[in-house]
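Comments concern the structure below.
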Amino acid sequence: MFVGVCKIVLFIPGCDSLKGKRHVLRSIKDRVAAKFNVAIAETGDQDLWQRAEIGVCAVGNDHSRVNSVLDSVTGFIERMMVARIVDRQFEIITF
């Protein structure tokens, strides 16, 4: 079994309130979870208006498949064009 964990730091331009940030993040989280069947949550920078940190987790029986899913998630978020990815770190753990 392979568990892939990805930390993504986002910059949300034009966001001037926490309410606006939550709206953007809810859209990202709902669409990613529905399309890729992964767990996704906001994991940091909750008090900042234009910066967000989210965590994504994927589980599978093939290392390359888990890696592909995490790459697809980051590409999908970039193509949504509601936030810019500033940093991305991921790790795949084998059990």
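Since every read-out is calculated from the coordinates, none of them should be taken as a lab result. Owing to the predicted nature of the structure, the values given are computational and were not obtained by experimental measurement. Don't worry about glycine lacking a Cβ; one is built from the backbone with ideal geometry, like all the others, and counts go over all protein chains shown.
Here are Ser64, Ser27: which of them is without any contact (Cβ under 8 Å) to a residue 24 or more places away in the chain and either in a strand (DSSP E or B) or not charged (D, E, K, R) (or both)?
After applying the criteria, what remains is Ser64.
What number of residues within the stretch 3-36 satisfy the criterion of being of a type outside the set (A, V, I, L, M), over 28 Å from Ser64 (Cα atoms) and in contact with a Cys (Cβ under 8 Å, 6 or more places away or on another chain)?
Total meeting the criteria: 1.
Please find, within the stretch 37-52, the residue that is nearest to Val66 (Cα to Cα) out of those that are more than 14 Å from the chain's Cα centre (by Cα) and among the polar types (S, T, N, Q).
In this case the residue turns out to be Gln46.
Only one of these conditions is not met by Ala41: (1) among the aliphatic types (A, V, I, L, M); (2) surrounded by fewer than 17 Cβ atoms within 10 Å (Cβ to Cβ); (3) outside any strand (DSSP E or B). Which number is it?
Unmet for Ala41, out of (1) among the aliphatic types (A, V, I, L, M); (2) surrounded by fewer than 17 Cβ atoms within 10 Å (Cβ to Cβ); (3) outside any strand (DSSP E or B): (3).
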